[in-house]
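Below is one structure, written out as structure tokens; comments come after it.
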Amino acid sequence: MQFTIAQTEKGNDSLGVCYMIYDIYLEGFLFCKLRYSQLHRWNEKLRRYFGSNLVPPFPPKSYLAQTESTAEERRLQLQQYLQKVGEDPVISVSEIFTTLLKNAQQETFKICARAILLEILLADGKKLLIDTHTTHSAERMLEIVAQKVELSRQFLEHFALYLVRELPNQGYSVLKRLNAFELPYVSLWSLQDENCKIMIRKSYLDPLENKILMQSNGGVSLLYSQATYELERGWVSPTEEQYQQLKAFQDAEMKREFLETIEEVKFYGYVLFEACTCDYPEPNSPSVVRVGNDEINCCIQLPSNHIKEVSFKVNRIRCWKICLQITEETELKPKLSFEYQDSQDFRQWITIYTYQAFLLSRCIQEIVKEKLKISAGYTEMQIENTKSECRTTPWNPLTALVSSCSLFGGTGWNY
């Protein structure tokens, strides 16, 4: 979980006493707003449950009036605390912590608890209506969707709910994967954008996992809906022969044969990002970015208008970070930078400027996790998380280092 406290607000209690409100963002989207006293109560509950040794230090109370510099210091300390708690493999998945998060999300946006009919998109744009509740978590809502599409519980871990934005060309852009504890209805409502929807998609990037889902009719149907969309919208790049074969299987509704064939198509299983820019091979280079098959693939438009395709292998990325810029309108403008070590051991920082930077970071993490699952020699790799720095000064580059992965003893990660 990637928490940032991107900005603060001032509030007043019933006695007119001024206090600070912290806007807490989860993976680039506003998740909740909390006071120091509320976060302090969180900390006390976690310490009683887990003990002081496991829970990171909490910023101490201050009985003096805060100056601008001390307020900024506290914001950074609280941000670092949340990041450490969110990264802890025990605390972050505990019921007590996720319940605190769910309650904070619901209370922030003042959403009443009630039964609702909610529209869920399949990856090909078809719609499902499910009976659910405003307080249902993404985990619970995914179970309801799975029942609707006849997907067995044993295959649930291969899918997730996502926030997406419908585009004018009838396509969609993936915004973020919803964490299991998040309240999808509240997350959707908080965006205040009628073009944003909730979608069920596969949650993995390794196409080999498709073979597991071939045992399930519901799994095959979900994979097929996503694969046909990717073919029709140009997410994949088949040869003419592959395209004709796929269309023949599609016309005959031969789903399994279609899926087996599309696995051989270039870019199948990748996540396609919205058009963005990068600083490679030179600043402000327009680029189309895809992530999958253990790589970040960039199709970069050169000054000559020629397209250069570059593959950055994930096992040669030594570390990465997300930096935030905050405009005067409090809009977050993230970018992702990674240190890349090429085959000649030359190291270079590459930056991709995209509002989907947090999703890009999560995709890199998923590739790493998938490889570690099947790796026998992964003990040389250590995953570190370092503190974030983020201020509300308009347009200043703000380093929010939320994820960093480093290798020891080699020129790349040994899977």
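The sole residue among ILE24, ILE120 that is part of a strand (DSSP E or B), out of contact with any helix residue (DSSP H, G or I) (no Cβ under 6 Å at 6 or more places or on another chain), within 30 Å of PHE159 (Cβ to Cβ) and not polar (S, T, N, Q) is ILE24. On the stretch given as region 279-292, residues that are in contact with a Phe, Trp or Tyr (Cβ under 7 Å, 6 or more places away or on another chain) and not aliphatic (A, V, I, L, M) total 2. All of THR70, THR99 fail the test of being outside any loop (DSSP other than H, G, I, E, B) and either more than 18 Å from PHE31 (Cα to Cα) or among the small types (Gly, Ala, Ser) (or both), apart from THR70. Of the listed requirements (1) modelled with pLDDT under 95; (2) farther than 28 Å from ASP131 by Cβ; (3) out of contact with any strand residue (DSSP E or B) (no Cβ under 7 Å at 6 or more places or on another chain); (4) not β-branched (Val, Ile, Thr), LEU205 misses just one: (3).
Filtered by the rule that a residue be surrounded by fewer than 16 Cβ atoms within 10 Å (Cβ to Cβ) and closer than 30 Å to TRP189 by Cα, region 41-71 gives ARG41, LYS45. Of all residues in region 292-311, those satisfying the criterion of being within 26 Å of LEU167 (Cα to Cα), surrounded by fewer than 18 Cβ atoms within 10 Å (Cβ to Cβ) and polar (S, T, N, Q) are GLN301, ASN305.
Taken over region 221-256, residues that are surrounded by fewer than 19 Cβ atoms within 10 Å (Cβ to Cβ) and among the aliphatic types (A, V, I, L, M) amount to 3.
Mind checking whether some residue in region 309-332 is over 18 Å from the mean Cα position of the chain (by Cα), β-branched (Val, Ile, Thr), part of a loop (DSSP other than H, G, I, E, B) and more than 29 Å from SER237 (Cβ to Cβ)? Yes. Does region 362-380 contain at least one residue that is surrounded by fewer than 17 Cβ atoms within 10 Å (Cβ to Cβ), closer than 22 Å to GLU274 by Cα, at pLDDT 50 or above and not assigned by TED's automatic domain parsing to the domain that holds TYR162? Among the residues of region 362-380, at least one is surrounded by fewer than 17 Cβ atoms within 10 Å (Cβ to Cβ), closer than 22 Å to GLU274 by Cα, at pLDDT 50 or above and not assigned by TED's automatic domain parsing to the domain that holds TYR162, which makes the answer yes. Checking VAL289, VAL265, VAL314 one by one, the residue that is touching a residue at least 40 places away in the same chain (Cβ under 8 Å), under 25 Å from SER203 (Cβ atoms), in contact with a helix residue (DSSP H, G or I) (Cβ under 6 Å, 6 or more places away or on another chain) and buried (at least 16 other Cβ atoms within 10 Å of the Cβ) is VAL314 and no other. Across region 271-286, the number of residues qualifying as without any contact (Cβ under 8 Å) to a residue 24 or more places away in the chain and not in a strand (DSSP E or B) comes to 4.
Here the condition is being farther than 26 Å from LEU178 by Cβ and of a type in the set (A, V, I, L, M); of LEU34, LEU54, LEU46, LEU30, it holds for LEU54 alone. Look at region 113-133: where a residue is over 13 Å from TYR185 (Cβ atoms) and a partner is aromatic (Phe, Trp, Tyr) and surrounded by 10 or more Cβ atoms within 10 Å (Cβ to Cβ), sitting 6+ places away or on another chain with Cβ atoms under 8 Å, you get LEU121/TYR172; ALA123/TYR229; ASP124/TYR229; GLY125/TYR172; GLY125/TYR229. Within region 270-295, being out of contact with any Lys or Arg (no Cβ under 8 Å at 6 or more places or on another chain) and either within 16 Å of TRP235 (Cβ to Cβ) or assigned by TED's automatic domain parsing to the domain that holds LEU223 (or both) holds for GLU274, ALA275, CYS276, SER287, VAL288, VAL289, ARG290, VAL291, GLY292, ASN293.
The values are calculated or read from the model by the stated rules, or taken from the named source; none is laboratory data. In this text the structure is predicted, and so the values were computed from the model without any measurement. For neighbour counting, all protein chains shown are included, and Cβ atoms are generated from backbone atoms with ideal geometry for every residue, glycine included.
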